[in-house]
Structures are given as C-alpha cells and as structure tokens.
1. Of everything in the stretch 199-211, what is at pLDDT 70 or above and exposed (fewer than 13 other Cβ atoms within 10 Å of the Cβ)? Give them in sequence order.
2. With a cut-off of at least 3 residues that are in contact with a strand residue (DSSP E or B) (Cβ under 8 Å, 6 or more places away or on another chain), name the helices (runs of 4 or more DSSP H) lying wholly within the stretch 1-120.
3. Cβ contacts < 6 Å: first residue more than 26 Å from residue 136 (Cα to Cα), restricted to the stretch 146-166; second residue at pLDDT 80 or above and of a type outside the set (Ser, Thr, Tyr), any location; separation 6+ or different chain. Result?
4. Could you please tell me which pairs satisfy a Cβ distance under 8 Å, a separation of 6+ or placement on different chains, a first residue in the stretch 193-205 that is among the small types (Gly, Ala, Ser), and a second residue that is surrounded by 14 or more Cβ atoms within 10 Å (Cβ to Cβ) and not in a loop (DSSP other than H, G, I, E, B)?
5. Answer yes if at least one residue in the stretch 228-235 is modelled with pLDDT of 85 or more and either of a type in the set (Asp, Glu) or not assigned by TED's automatic domain parsing to the domain that holds residue 174 (or both), and no otherwise.
6. Does the stretch 173-182 contain at least one residue that is at pLDDT 70 or above, of a type in the set (Asp, Glu) and under 22 Å from residue 251 (Cα atoms)?
Amino acid sequence: MANLRDLGLSEYEASAYRSLLQTGPATAKELSEESGVPMGRVYDVLGSIESQHLVRSQAASRPKKYVAVEPDTALDRLLEDRKRELREKADQYEAVVDELAADLQTPAQPEEGFWTAALGPDESVDLLLERIDSADDSLRLLAGYESTSFDVADTTSRVVDHLEDALERGVSVSVLISRDLSANLPDEVNERYVAVLAEHPNYEVRIGPVVEGNVTIVDDAEVCLDVSNPVEPDESFAMIDLHDPTFAGDVTAVFEDTWADAATLD
C-alpha cells in the first residue's frame, strides 16, 4: 500500500501532515498530542514539512498555528521534488561515467580464434549492439532474412540508433540486404533508415540477388554470426562473436564480391 514515506517523508513528517488534514489549523502542542510526534521533535518536523511547502503557518497568532496544504497540491510538490532529485542523481551518474570513460583503458584485443556467444533473441541483440559500439573504422552488415524471434520495428530502431552513433564516430557503414528481405520490410522500418541514416556520406545500402544469413563484420577483424534454430529455421538461436582476422578477411572478401554485384538502394 502506498505511503507518504514512499515520496520521501519521514514517519513523523507523514504523521504530522495527516493529522493536520484531520484537525485543521493547530498549534505545535495540539499537533503533537494528535499525531503522536514527541513535543521535543514536533517543531523540527513542522519546520521540515513547511520548507517542503506541505503546510502553511499563521505566524501572527500566539501560539503559532499550522494548516495543511490541500493533498493534491502537496502530492504534486512531493512528486516534483522526487523527480528533481532523480534528475540530479542521473546527472551525477553521467558525470561519473564520463570521468571513468576517460580513465578506463580499452581492453586488449582477444587472441586470434577467440569467440563468445549469446543465446536467445534479447541477449543476441544486446551482443550485436555492443559490438557495433566497439567499431572504430568500419561496419559491414549482411542481412539475408527476417527472424521471427525479433520485433522488426523495435530491433531496427535500436540498431539504427547505434549505427548513427557509429557514423558520428567516423565509422563507415555498408549494409547489404537480400532482395526478399528488402521487399518484406515494413514501411516504418524503411522510413526510419531513410530519416536517420540515408543522407550520411559514410552510409550506403545495397540489395543483393542472393544473400544468405545475417552477419556483421566489425573493423574487418571480427565477425558476428546469427545462428538459426535448426528446428525452426525462421527463429534465431544464438549470436556468435568471433575475433579472428583471418576468418574475418575471408568473410569480408565474400561480402565485397557480393557488394560489387549488388544494386544501390534508391
């Protein structure tokens, strides 16, 4: 059950505010008796909730009296205070990330033949986006088929965001799509690509006559392979990330041959 303490008030502050809603204007002594807040604490509590604009005081009266602000107004003020605190905390975290990004070293390149894998569609997409973010020079994406394991519009939107970041870093991006996949892509997917990427000088899309599989080549030294489910070929089973310049070179050569025969996407 929701409680005023969930919005940042202490137990005494919540009790004092609730009691003032019931009593109407009250002195500190009256409020202490009604709310159970000890007399030795009640002035501090009232001062705190008054500073949060949850109560108003009648300073001219002797003794001083307090009245609660209407609940809707009080809750809006508490909510805005919590949102402000969250924004400040987010800014602090971003500053920490910026400082650490400059301090932490880029990991050494894995030895030749090193590979990792991610199982399942969510983990596979996360791995792909991570490797896109690691690119320094080039990205070559080969998209041969649409997997039923993914929400095409959502996954495309995420990939486009990361490709846009890569382009801003100076990475060249080449995307080779099979003719069948190109014909079946939803309009919103094509519009997203056109709106965000199409005009960038380091971005190009071509349509190939026969393109098998979904493959991403990172800096011509690393290959991400989408592995289909052998039982349900339309579903993705895993993503394999292989660091092997020799293998990546072979895949890149095949990509370039197919790329040369492909048509530029209009």
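The values are calculated or read from the model by the stated rules, or taken from the named source; none is laboratory data. Quick caveat: nothing in here was measured; it's all calculated off a predicted structure. Glycine gets a Cβ as well: all are built from the backbone with ideal geometry, and neighbour counts include every protein chain shown.
1. Keep residues of the stretch 199-211 that are at pLDDT 70 or above, which gives 199-209.
The answer is 199, 201, 209.
2. Details: elements: 11-23, 28-35, 39-51, 71-103.
Result: 11-23, 28-35, 39-51.
3. 149/121; 150/121
4. 198/205
5. Taking the stretch 228-235 first, the residues modelled with pLDDT of 85 or more are none.
No, because not a single residue in the stretch 228-235 is modelled with pLDDT of 85 or more and either of a type in the set (Asp, Glu) or not assigned by TED's automatic domain parsing to the domain that holds residue 174 (or both).
6. First, pick out the residues of the stretch 173-182 that are at pLDDT 70 or above: 173-181.
This time we only want the ones that are of a type in the set (Asp, Glu), so: 180.
Among the residues that remain, those that are also under 22 Å from residue 251 (Cα atoms) are: 180.
Looking through the stretch 173-182, at least one residue is at pLDDT 70 or above, of a type in the set (Asp, Glu) and under 22 Å from residue 251 (Cα atoms).
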